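For reference, the structure discussed in these notes is given below.
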Amino acid sequence: MLMYRKAVFSPDSVPHPMRILLIGPSRAGKSAVGNIILGGNYFTCGSGSETVTKVSMAKTVGKITVVDTPNLFFLNELSWRHEMERCIELCDPGPNVILWVTPICKFSEQQQGLFHAFRKRLDSEITKHMMIIFTNGRELKKLGQTINTFISKPSKLCKVVGSCQDRYHVLDITNGHSYTPELLENLSNMVKTEYTAISKRQLKRCTRRKKFLRRRQKSIKH
């Protein structure tokens, strides 16, 4: 009888090249998540209240490129678009996976607003390529909840996870930076083709569409 071992995923052995964009609010643990995915200390992480990542940067290990970003949500629309263009250039032709990073905590209306603002600035279809990463997984033990219970209780969070086709993963970013094969396997399942979640062309198309809608709204008011 033949016995087949389940493939163990690593940055070198994933089936398809991954270009991962990390998005989320300040101090959510984006840099730590990038280090866990790549399996080393590639991004500087801080333990205090100050944001460490000031500009978007990329690191590549094996077939995986990770783009770490600062908090993009306090930028005006022009600065935001320029930073997104930089992110696309860092993982040319653009990311094929987008990870929304958020800590295990009370999911506020502000966090929900940031998520929808990101989706609105790009395209509602962007969530087909997104996964929610919950950091500080040990908080679930303190809350006495499973991740399923944590997600299902606040309807705002449940809707956000649902818009990402219920793709999520829990990490404890205090456990060091060794990669997690389970996360890489889940990400690999999202990347079946070379389709890009957002490219420069798509970004320009979204910008043109928004300008057209703004002009149309102004003409209707007048």
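Quick notes
- Odd one out for THR196 among (1) part of a helix (DSSP H, G or I); (2) closer than 24 Å to LYS63 by Cβ; (3) in contact (Cβ under 8 Å) with a residue 40 or more places away in the chain: (1)
- If you go through the stretch 144-156 and keep only what is part of a helix (DSSP H, G or I) and over 15 Å from THR102 (Cβ atoms), you end up with ASN148, THR149, SER152, SER155.
Yes/no matrix, rows are residues, columns are (1) closer than 16 Å to LEU22 by Cβ; (2) surrounded by 15 or more Cβ atoms within 10 Å (Cβ to Cβ):
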position	(1), (2)
PRO95	yes, yes
ILE98	yes, yes
PRO103	yes, yes
ILE126	yes, yes
MET131	yes, yes
GLY144	no, no
VAL160	no, yes
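- Test for GLY40: is it small (Gly, Ala, Ser), at pLDDT below 90 and surrounded by fewer than 16 Cβ atoms within 10 Å (Cβ to Cβ): yes
- Members of the stretch 14-25 that are in contact with an Asp or Glu (Cβ under 9 Å, 6 or more places away or on another chain) and either outside any strand (DSSP E or B) or of a type in the set (Ser, Thr, Tyr) (or both): VAL14, HIS16, PRO17
- The stretch 174-200 - residue that is modelled with pLDDT of 80 or more and either over 25 Å from SER124 (Cβ atoms) or charged (D, E, K, R) (or both) and, of those, surrounded by the most Cβ atoms within 10 Å (Cβ to Cβ): LEU184
- Of all residues in the stretch 51-84, those satisfying the criterion of being within 23 Å of ILE37 (Cα to Cα) and acidic (Asp, Glu) are ASP68, GLU83.
- Within the stretch 5-25, residues that are within 30 Å of TRP80 (Cβ to Cβ) and of a type in the set (Lys, Arg) have Cβ atoms under 9 Å from residues that are in a loop (DSSP other than H, G, I, E, B) and at pLDDT 85 or above in these pairs: ARG19/CYS91; ARG19/ASP92; ARG19/PRO93; ARG19/GLY94; ARG19/PRO95; ARG19/ASN96; ARG19/VAL191, counting only partners at least 6 apart in sequence or on another chain.
The values are calculated or read from the model by the stated rules, or taken from the named source; none is laboratory data. This is a predicted model, so every value here is computed, not measured. Methodologically, a virtual Cβ is constructed for each residue, glycine included, from the backbone with ideal geometry; neighbour enumeration extends over all protein chains shown.
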